[in-house]
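*Asks:* Sharing a structure here in structure tokens format.
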């Protein structure tokens, strides 16, 4: 997603399943209905059904996912200045990497919920950390 990522990778997936994966400061989720209305007016005025979407500060992607859900995007070009965010999206975009991520999260959750209560969250004995 760093550089140009086309919507092509989303083809064949139910549009209603997409929602922002992360909550992002400055996110547009609350504005989506107004932005969708404005988009519809602009598309009607321009006499087109879809447009190319460019997003230099993708963040959580609320507007992108909303526009994709309603099939307004011809091709999407998304980017963000935060490399960790880009890496996250690259990770969830690849099935093998997504499965590894889910397994890691499940492992952390299992350890957190049922792990050794004598250790803190970093795996250090509580005696050392708590003094």
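*Asks:* Once you have the Cα-Cα distance between residue 75 and residue 47, take 0.36 nm times their residue separation minus that, and quote the gain in nm to one decimal. Each step should come with its number before you reach the end.
*Replies:* On the way: separation 28, 0.36 × 28 = 10.08 nm, distance 1.74 nm.
The residue 75-residue 47 span can extend by a further 8.3 nm.
*Asks:* Residue separation times 0.36 nm, minus the C-alpha to C-alpha distance between residue 103 and residue 18: what's the value?
*Replies:* Values: separation 85, 0.36 × 85 = 30.60 nm, distance 2.12 nm.
Length gained, residue 103 through residue 18: 28.5 nm.
Here, each number is a calculation from the coordinates, and none is a lab measurement. Note that the coordinates shown come from a computational prediction; the quantities given were computed from them, not determined experimentally.
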